[in-house]
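Working notes, structure below.
The values are calculated or read from the model by the stated rules, or taken from the named source; none is laboratory data. Just so you know, these numbers come straight off a predicted model, no measurement behind them. As a convention, Cβ positions derive from the backbone with ideal geometry for all residues, glycine included, and neighbour counts pool all protein chains shown.
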Amino acid sequence: MAVTARKVVLQIHLYLGLFGAIFLVILGVTGSVMAFEGDIDHWLDPNLWYLTARANPLPESELIGKVERRFAPARAGAIQFPLQRNLAQVMQLSTGPAVFVNPYDGSILGERIGPSKTQRILGYIHQFHLRLATDARSAIAPAGKAIVSYAGLVLCLLGPTGLILWWRTKRASVQWNAASWFRRCFDLHRCIGIYAGAFLWIAAFTGVLIGFNAAEKAIYSLTHSSGPSRPRLPQSVPVPGATPIGVDQALDTARRTMPSASVDSVFLPLSPKAPFVMVMRVPEETSGSAHSTVAVDQYSGNVLQVHDFLNDSLGYRWIRFNRSIHTGDIWGLPGHIIVSVSSLLLVAMVITGLTIWWKKLAV
(Lines give C-alpha, C1' and ligand atoms only; values in the text may rest on other atoms or scores of the structure.)
Protein backbone atom coordinates (compact mmCIF):
# COMPACT_ATOMS: atom_id res chain seq x y z
CA MET A 1 0.00 0.00 0.00
CA ALA A 2 1.42 3.36 -1.06
CA VAL A 3 2.30 5.79 1.66
CA THR A 4 0.78 9.18 0.88
CA ALA A 5 1.50 12.53 2.47
CA ARG A 6 -2.01 12.49 3.94
CA LYS A 7 -1.37 9.15 5.64
CA VAL A 8 1.85 10.48 7.12
CA VAL A 9 0.03 13.53 8.47
CA LEU A 10 -2.75 11.30 9.79
CA GLN A 11 -0.26 9.15 11.69
CA ILE A 12 1.47 12.20 13.11
CA HIS A 13 -1.89 13.64 14.20
CA LEU A 14 -2.95 10.31 15.70
CA TYR A 15 0.18 9.63 17.74
CA LEU A 16 0.48 13.19 18.93
CA GLY A 17 -3.11 12.99 20.16
CA LEU A 18 -2.54 9.66 21.90
CA PHE A 19 0.67 10.91 23.53
CA GLY A 20 -0.88 14.09 24.87
CA ALA A 21 -4.48 12.95 25.51
CA ILE A 22 -4.52 12.70 29.29
CA PHE A 23 -2.52 15.89 29.77
CA LEU A 24 -4.68 17.82 27.31
CA VAL A 25 -7.77 16.73 29.23
CA ILE A 26 -6.16 18.00 32.45
CA LEU A 27 -5.28 21.31 30.79
CA GLY A 28 -8.78 21.62 29.36
CA VAL A 29 -10.62 20.95 32.62
CA THR A 30 -8.37 23.10 34.79
CA GLY A 31 -8.17 25.84 32.14
CA SER A 32 -11.96 26.10 31.96
CA VAL A 33 -12.02 26.81 35.71
CA MET A 34 -9.02 29.13 35.71
CA ALA A 35 -10.62 31.35 33.09
CA PHE A 36 -12.90 32.61 35.88
CA GLU A 37 -10.37 32.29 38.69
CA GLY A 38 -10.85 35.90 39.71
CA ASP A 39 -14.65 35.69 39.69
CA ILE A 40 -15.54 32.33 41.24
CA ASP A 41 -14.90 33.46 44.80
CA HIS A 42 -17.14 36.49 44.17
CA TRP A 43 -19.92 34.29 42.81
CA LEU A 44 -19.77 31.76 45.64
CA ASP A 45 -19.71 34.38 48.40
CA PRO A 46 -21.80 37.25 46.98
CA ASN A 47 -22.73 38.78 50.36
CA LEU A 48 -19.05 39.38 51.05
CA TRP A 49 -18.25 40.92 47.69
CA TYR A 50 -21.21 42.46 45.89
CA LEU A 51 -22.86 45.78 46.67
CA THR A 52 -24.85 48.53 45.00
CA ALA A 53 -22.59 51.07 43.32
CA ARG A 54 -23.27 54.75 43.99
CA ALA A 55 -22.06 57.99 42.49
CA ASN A 56 -19.05 58.59 44.75
CA PRO A 57 -17.27 56.54 47.41
CA LEU A 58 -16.49 57.94 50.86
CA PRO A 59 -13.05 59.41 51.52
CA GLU A 60 -10.55 56.64 52.13
CA SER A 61 -9.54 58.10 55.50
CA GLU A 62 -13.15 57.80 56.67
CA LEU A 63 -13.34 54.16 55.57
CA ILE A 64 -10.06 53.35 57.31
CA GLY A 65 -11.27 55.10 60.48
CA LYS A 66 -14.45 53.00 60.56
CA VAL A 67 -12.49 49.77 60.17
CA GLU A 68 -9.78 50.64 62.70
CA ARG A 69 -12.34 51.68 65.32
CA ARG A 70 -14.18 48.41 64.82
CA PHE A 71 -11.02 46.25 64.99
CA ALA A 72 -8.88 48.32 67.41
CA PRO A 73 -6.00 48.14 68.11
CA ALA A 74 -5.39 46.71 64.61
CA ARG A 75 -4.31 49.10 61.86
CA ALA A 76 -5.02 48.96 58.16
CA GLY A 77 -1.83 48.03 56.35
CA ALA A 78 -3.02 47.65 52.77
CA ILE A 79 -6.14 48.28 50.72
CA GLN A 80 -7.16 46.46 47.54
CA PHE A 81 -9.37 48.52 45.23
CA PRO A 82 -11.80 46.52 43.07
CA LEU A 83 -11.80 46.67 39.27
CA GLN A 84 -15.61 46.74 39.29
CA ARG A 85 -17.57 49.48 41.04
CA ASN A 86 -20.04 46.97 42.53
CA LEU A 87 -17.39 45.07 44.48
CA ALA A 88 -16.10 45.61 48.01
CA GLN A 89 -12.76 47.06 48.99
CA VAL A 90 -10.50 44.69 50.91
CA MET A 91 -8.46 46.07 53.82
CA GLN A 92 -5.65 43.96 55.20
CA LEU A 93 -5.20 44.57 58.93
CA SER A 94 -1.92 44.46 60.82
CA THR A 95 -3.31 41.70 63.04
CA GLY A 96 -4.07 39.38 60.11
CA PRO A 97 -7.74 39.56 59.07
CA ALA A 98 -8.85 40.88 55.70
CA VAL A 99 -11.92 43.12 56.06
CA PHE A 100 -14.43 43.65 53.26
CA VAL A 101 -15.80 47.19 53.18
CA ASN A 102 -18.56 48.92 51.24
CA PRO A 103 -16.75 52.03 49.92
CA TYR A 104 -20.02 53.97 49.52
CA ASP A 105 -21.33 53.81 53.09
CA GLY A 106 -18.45 52.32 55.09
CA SER A 107 -20.40 49.25 56.18
CA ILE A 108 -18.33 46.17 56.94
CA LEU A 109 -19.51 43.19 54.89
CA GLY A 110 -17.37 40.58 56.60
CA GLU A 111 -13.85 39.44 57.37
CA ARG A 112 -11.51 36.57 56.60
CA ILE A 113 -8.36 35.23 58.15
CA GLY A 114 -6.23 33.63 55.48
CA PRO A 115 -7.51 32.21 52.20
CA SER A 116 -11.02 30.79 52.03
CA LYS A 117 -11.74 27.18 51.11
CA THR A 118 -12.69 28.34 47.62
CA GLN A 119 -9.42 30.24 47.23
CA ARG A 120 -7.40 27.24 48.40
CA ILE A 121 -9.15 24.94 45.91
CA LEU A 122 -8.62 27.45 43.11
CA GLY A 123 -4.98 27.67 44.13
CA TYR A 124 -4.64 23.89 43.84
CA ILE A 125 -6.30 23.93 40.41
CA HIS A 126 -4.01 26.75 39.30
CA GLN A 127 -0.87 24.88 40.32
CA PHE A 128 -2.13 21.64 38.78
CA HIS A 129 -2.70 23.46 35.50
CA LEU A 130 0.86 24.82 35.59
CA ARG A 131 2.78 21.94 37.17
CA LEU A 132 0.57 18.86 37.65
CA ALA A 133 1.05 19.44 41.39
CA THR A 134 -0.98 21.25 44.03
CA ASP A 135 2.10 23.01 45.41
CA ALA A 136 4.78 24.85 43.46
CA ARG A 137 7.35 23.60 45.99
CA SER A 138 6.48 19.96 45.38
CA ALA A 139 9.29 17.65 44.25
CA ILE A 140 7.32 16.74 41.12
CA ALA A 141 6.55 20.36 40.19
CA PRO A 142 9.57 20.87 37.84
CA ALA A 143 8.82 17.65 35.93
CA GLY A 144 5.12 18.49 35.88
CA LYS A 145 5.82 21.92 34.42
CA ALA A 146 7.91 20.35 31.65
CA ILE A 147 5.16 17.82 30.85
CA VAL A 148 2.51 20.55 30.70
CA SER A 149 4.74 22.65 28.43
CA TYR A 150 5.31 19.76 26.04
CA ALA A 151 1.58 19.00 26.06
CA GLY A 152 1.03 22.58 24.91
CA LEU A 153 3.59 22.02 22.16
CA VAL A 154 1.70 18.89 21.11
CA LEU A 155 -1.49 20.93 20.85
CA CYS A 156 0.36 23.48 18.69
CA LEU A 157 1.14 20.65 16.25
CA LEU A 158 -2.29 19.01 16.42
CA GLY A 159 -3.90 22.21 15.09
CA PRO A 160 -2.14 22.43 11.71
CA THR A 161 -2.11 18.65 11.13
CA GLY A 162 -5.84 18.55 11.86
CA LEU A 163 -6.43 21.40 9.43
CA ILE A 164 -4.54 19.52 6.70
CA LEU A 165 -6.68 16.42 7.29
CA TRP A 166 -9.90 18.47 7.26
CA TRP A 167 -9.03 20.37 4.10
CA ARG A 168 -9.87 17.51 1.71
CA THR A 169 -13.56 17.29 2.64
CA LYS A 170 -14.00 20.69 4.30
CA ARG A 171 -16.99 19.30 6.19
CA ALA A 172 -18.07 21.72 8.90
CA SER A 173 -21.37 20.28 10.09
CA VAL A 174 -22.59 17.27 12.06
CA GLN A 175 -24.94 14.72 10.56
CA TRP A 176 -27.04 14.26 13.67
CA ASN A 177 -29.47 12.01 11.83
CA ALA A 178 -26.71 9.71 10.62
CA ALA A 179 -27.34 6.04 11.25
CA SER A 180 -23.93 5.50 12.81
CA TRP A 181 -22.91 7.07 16.14
CA PHE A 182 -19.35 6.81 14.85
CA ARG A 183 -20.27 9.14 11.97
CA ARG A 184 -21.69 11.69 14.39
CA CYS A 185 -18.62 11.43 16.61
CA PHE A 186 -16.33 11.84 13.60
CA ASP A 187 -18.22 14.91 12.38
CA LEU A 188 -18.26 16.40 15.86
CA HIS A 189 -14.48 15.99 16.17
CA ARG A 190 -13.91 17.79 12.89
CA CYS A 191 -16.42 20.57 13.61
CA ILE A 192 -14.99 21.35 17.01
CA GLY A 193 -11.53 21.37 15.51
CA ILE A 194 -12.36 23.78 12.71
CA TYR A 195 -14.45 26.19 14.78
CA ALA A 196 -12.39 26.18 17.96
CA GLY A 197 -9.02 25.37 16.40
CA ALA A 198 -7.75 28.96 16.19
CA PHE A 199 -8.59 29.68 19.84
CA LEU A 200 -7.02 26.43 20.99
CA TRP A 201 -3.87 27.07 18.97
CA ILE A 202 -3.51 30.57 20.42
CA ALA A 203 -4.01 29.19 23.94
CA ALA A 204 -1.44 26.47 23.26
CA PHE A 205 1.15 28.81 21.75
CA THR A 206 0.85 31.41 24.51
CA GLY A 207 0.97 28.60 27.08
CA VAL A 208 4.19 27.27 25.56
CA LEU A 209 5.73 30.74 25.83
CA ILE A 210 4.77 30.77 29.50
CA GLY A 211 5.89 27.22 30.21
CA PHE A 212 9.36 27.06 28.67
CA ASN A 213 12.08 29.16 30.30
CA ALA A 214 13.84 29.26 26.94
CA ALA A 215 10.83 31.06 25.45
CA GLU A 216 11.08 33.81 28.05
CA LYS A 217 14.80 34.19 27.36
CA ALA A 218 14.04 34.37 23.63
CA ILE A 219 11.57 37.20 24.21
CA TYR A 220 14.15 39.20 26.13
CA SER A 221 16.70 38.50 23.41
CA LEU A 222 14.37 39.56 20.58
CA THR A 223 13.44 42.78 22.38
CA HIS A 224 17.04 43.48 23.44
CA SER A 225 15.89 43.93 27.01
CA SER A 226 16.38 42.36 30.41
CA GLY A 227 13.98 41.41 33.18
CA PRO A 228 11.78 43.96 34.94
CA SER A 229 13.47 46.44 37.22
CA ARG A 230 12.88 46.09 40.96
CA PRO A 231 13.72 49.50 42.39
CA ARG A 232 14.45 49.65 46.07
CA LEU A 233 11.64 51.28 47.99
CA PRO A 234 12.61 54.73 49.27
CA GLN A 235 12.01 55.87 52.84
CA SER A 236 10.07 58.77 54.23
CA VAL A 237 12.08 61.43 56.03
CA PRO A 238 10.72 61.80 59.58
CA VAL A 239 10.08 65.40 60.61
CA PRO A 240 9.97 65.96 64.40
CA GLY A 241 6.56 67.20 65.46
CA ALA A 242 5.13 67.00 61.93
CA THR A 243 1.72 65.46 61.34
CA PRO A 244 1.72 62.83 58.60
CA ILE A 245 -0.41 63.54 55.54
CA GLY A 246 -3.67 61.66 55.08
CA VAL A 247 -4.19 58.72 52.74
CA ASP A 248 -6.53 60.77 50.52
CA GLN A 249 -3.78 63.32 49.88
CA ALA A 250 -1.35 60.54 49.01
CA LEU A 251 -3.89 59.00 46.62
CA ASP A 252 -4.54 62.36 44.95
CA THR A 253 -0.79 62.85 44.51
CA ALA A 254 -0.43 59.43 42.89
CA ARG A 255 -3.35 60.09 40.54
CA ARG A 256 -1.86 63.44 39.48
CA THR A 257 1.52 61.81 38.99
CA MET A 258 0.08 59.10 36.73
CA PRO A 259 -3.17 60.65 35.42
CA SER A 260 -3.89 57.87 32.93
CA ALA A 261 -3.62 55.13 35.57
CA SER A 262 -6.07 53.90 38.18
CA VAL A 263 -5.19 52.91 41.74
CA ASP A 264 -5.05 49.13 42.12
CA SER A 265 -3.98 49.03 45.77
CA VAL A 266 -2.24 51.10 48.43
CA PHE A 267 0.22 50.10 51.15
CA LEU A 268 -0.09 52.34 54.18
CA PRO A 269 2.94 53.36 56.27
CA LEU A 270 3.00 51.40 59.52
CA SER A 271 6.39 52.71 60.62
CA PRO A 272 7.89 56.25 60.87
CA LYS A 273 10.13 55.78 57.80
CA ALA A 274 7.72 53.92 55.54
CA PRO A 275 6.16 55.79 52.59
CA PHE A 276 2.70 55.48 51.10
CA VAL A 277 3.01 53.10 48.16
CA MET A 278 0.26 53.23 45.54
CA VAL A 279 0.17 50.37 43.03
CA MET A 280 -1.13 51.83 39.76
CA ARG A 281 -2.70 50.13 36.75
CA VAL A 282 -2.09 51.73 33.36
CA PRO A 283 -4.74 51.11 30.65
CA GLU A 284 -2.27 49.09 28.55
CA GLU A 285 -1.82 46.58 31.35
CA THR A 286 -4.55 43.98 30.97
CA SER A 287 -2.91 41.25 33.04
CA GLY A 288 -4.34 40.24 36.38
CA SER A 289 -1.84 42.19 38.49
CA ALA A 290 -0.64 45.79 38.21
CA HIS A 291 3.05 46.70 38.19
CA SER A 292 3.39 50.51 38.29
CA THR A 293 3.97 52.23 41.65
CA VAL A 294 4.10 55.72 43.11
CA ALA A 295 5.81 56.18 46.48
CA VAL A 296 4.86 59.28 48.50
CA ASP A 297 6.60 60.64 51.60
CA GLN A 298 4.20 60.32 54.54
CA TYR A 299 5.29 63.70 56.02
CA SER A 300 5.96 66.09 53.13
CA GLY A 301 3.61 64.51 50.59
CA ASN A 302 6.38 64.65 47.99
CA VAL A 303 6.70 61.94 45.36
CA LEU A 304 9.73 59.84 46.26
CA GLN A 305 9.65 57.38 43.38
CA VAL A 306 7.66 56.59 40.22
CA HIS A 307 7.92 53.18 38.60
CA ASP A 308 5.95 53.15 35.33
CA PHE A 309 5.25 49.76 33.77
CA LEU A 310 5.24 51.36 30.29
CA ASN A 311 8.81 52.60 30.76
CA ASP A 312 10.08 49.28 32.09
CA SER A 313 11.49 46.30 30.22
CA LEU A 314 9.95 45.85 26.75
CA GLY A 315 10.45 42.09 27.00
CA TYR A 316 8.60 41.96 30.29
CA ARG A 317 5.71 43.92 28.79
CA TRP A 318 5.55 41.34 25.99
CA ILE A 319 5.55 38.53 28.54
CA ARG A 320 2.69 40.12 30.47
CA PHE A 321 0.76 40.75 27.25
CA ASN A 322 1.22 37.11 26.25
CA ARG A 323 -0.15 36.04 29.63
CA SER A 324 -3.15 38.32 29.16
CA ILE A 325 -3.95 36.60 25.88
CA HIS A 326 -3.55 33.14 27.41
CA THR A 327 -5.91 33.87 30.30
CA GLY A 328 -8.38 35.93 28.25
CA ASP A 329 -7.81 38.98 30.49
CA ILE A 330 -7.13 41.11 27.43
CA TRP A 331 -10.81 40.88 26.39
CA GLY A 332 -12.37 40.97 29.85
CA LEU A 333 -15.45 38.83 30.47
CA PRO A 334 -15.90 37.85 26.76
CA GLY A 335 -12.27 36.71 26.75
CA HIS A 336 -12.78 34.59 29.86
CA ILE A 337 -15.85 32.99 28.32
CA ILE A 338 -13.92 32.19 25.12
CA VAL A 339 -11.04 30.67 27.09
CA SER A 340 -13.36 28.60 29.31
CA VAL A 341 -15.50 27.29 26.45
CA SER A 342 -12.44 26.57 24.29
CA SER A 343 -10.89 24.63 27.16
CA LEU A 344 -13.99 22.47 27.50
CA LEU A 345 -14.07 21.95 23.74
CA LEU A 346 -10.49 20.70 23.96
CA VAL A 347 -11.73 17.99 26.33
CA ALA A 348 -14.48 17.12 23.83
CA MET A 349 -11.87 16.99 21.05
CA VAL A 350 -9.76 14.52 23.01
CA ILE A 351 -12.75 12.31 23.88
CA THR A 352 -14.08 12.21 20.31
CA GLY A 353 -10.58 11.65 18.94
CA LEU A 354 -9.96 8.71 21.27
CA THR A 355 -13.37 7.30 20.38
CA ILE A 356 -12.55 7.45 16.67
CA TRP A 357 -9.19 5.76 17.26
CA TRP A 358 -10.73 3.03 19.43
CA LYS A 359 -13.42 2.29 16.90
CA LYS A 360 -10.94 1.97 14.03
CA LEU A 361 -8.69 -0.17 16.22
CA ALA A 362 -11.56 -2.57 16.83
CA VAL A 363 -12.34 -2.93 13.11
Practice problem: Output the number of residues of the range 66-110 satisfying the condition of being free of Cβ contacts under 8 Å to residues at least 24 places away in the same chain and in contact with a Pro (Cβ under 9 Å, 6 or more places away or on another chain). | Solution: 3
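In the range 179-190, what count of residues is obtained for those that are surrounded by fewer than 17 Cβ atoms within 10 Å (Cβ to Cβ) and in a helix (DSSP H, G or I)?
Filtering the range 179-190 for residues surrounded by fewer than 17 Cβ atoms within 10 Å (Cβ to Cβ) gives 179-184.
Next, from what is left, pick out any that are in a helix (DSSP H, G or I): 181-184.
Number of matching residues: 4.
Test Leu157 against the stated conditions and say whether it is in contact (Cβ under 8 Å) with a residue 40 or more places away in the chain and closer than 30 Å to Ile356 by Cβ.
Judged against the criteria, Leu157 is a match.
Give the residues of the range 110-133 that are of a type in the set (A, V, I, L, M) and surrounded by fewer than 17 Cβ atoms within 10 Å (Cβ to Cβ), sorted by residue number. Break it down stepwise before answering.
Taking the range 110-133 as the starting set, the residues that turn out to be of a type in the set (A, V, I, L, M) are 113, 121-122, 125, 130, 132-133.
Those that are of a type in the set (A, V, I, L, M) and surrounded by fewer than 17 Cβ atoms within 10 Å (Cβ to Cβ): Ile113, Ile121.
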Practice problem: Filter the range 1-49 for residues that are among the aromatic types (Phe, Trp, Tyr) and surrounded by fewer than 19 Cβ atoms within 10 Å (Cβ to Cβ) and give the result. | Solution: Tyr15, Phe19, Phe36, Trp43
Quiz item: Can you name the residue in the range 85-109 that is among the hydroxyl-bearing types (Ser, Thr, Tyr) and closer than 18 Å to Pro59 by Cα and is also surrounded by the most Cβ atoms within 10 Å (Cβ to Cβ) among such residues?
Solution: Tyr104
Quiz item: Only one of (1) under 17 Å from Val9 (Cα atoms); (2) surrounded by fewer than 13 Cβ atoms within 10 Å (Cβ to Cβ) is not met by Trp176, so which one is it?
Solution: (1)
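May I ask you to verify whether Ser236 is assigned by TED's automatic domain parsing to the domain that holds Leu304 and not in a helix (DSSP H, G or I)?
Details: assigned by TED's automatic domain parsing to the domain that holds Leu304: no; not in a helix (DSSP H, G or I): yes.
No.
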Quiz item: Of (1) surrounded by 15 or more Cβ atoms within 10 Å (Cβ to Cβ); (2) of a type in the set (A, V, I, L, M); (3) closer than 30 Å to Ala98 by Cβ, Ala136 satisfies all except one. Which?
Solution: (1)
